[in-house]
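So the structure is just underneath, and the comments pick up after that.
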Amino acid sequence: MNDRFKDKVVIVTGAGSGSGIGAAAARRFHGEGAIVVLNGRREFKLAEVGAELGTDRCMIRSGDVSIAEDVESLVANVVQRFGRIDILVNWSVSWARRSSCGETSSRSMSTVSST
């Protein structure tokens, strides 16, 4: 890998699945020199991804991006520690119960679109 993202501060939401696109994006940015902030709702999964990265260029902050206070806290913590945010990868997704389009409630659609 190269260092095209060397010392860039990157927040990756949805990084807590371990095997999903958010975690893969975090690994890739980290591999290319970025300081990566892992965000997701499941702290133990974030810790697994963080352990893989295993350097001081990784920060873990659990939270739910559909909750304004969680987002504000995330941003404040990152800016306090690193002084800035260079890149945001928003891969957090809330999935509604599987149903056809006609059966999906407006509340379910609102939950999906709020993240």
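What's the center-to-center distance, using Cα atoms, between segment 39-64 and segment 1-34 in Å?
Between the Cα centres of segment 39-64 and segment 1-34 lies a distance of 11 Å.
Among Ser66, Gly40, Leu53, whose Cα lies farthest out toward the positive end of the dipole of segment 1-80, if unit charges sit on the beta carbon of Lys, Arg (+1) and Asp, Glu (-1)?
Final value for the positive-end residue is Leu53.
Which far-off residues, 5 or more places away or on another chain, put their amide H under 5 Å from the one on Met59, with H placed in the peptide plane?
Amide H neighbours of Met59: Val36, Val37, Leu38.
Within 10 Å, count the other beta carbons around each residue, average over each peptide in 77-89, 45-57, and list them highest first.
45-57, 77-89
Counting only residues 5 or more places away or on other chains, whose amide H sits under 5 Å from the amide H of Ser66 once H atoms are built in the peptide plane?
none
For Gly33, enumerate residues with amide H under 5 Å from its amide H, sequence gap 5+ or separate chain, H modeled in the peptide plane.
For Gly33, no residues qualify.
What does the extension gain come out to for Asp3 and Arg42, with contour length at 0.36 nm per residue minus their alpha carbon separation?
11.1 nm
Only the coordinates and a few stated rules stand behind these numbers; no lab work does. On a predicted model such as this, the values are computed, not experimentally measured, just so you know. Because the Cβ atoms are built from the backbone with ideal geometry, glycine has one as well, and the counts that use them run over all protein chains shown.
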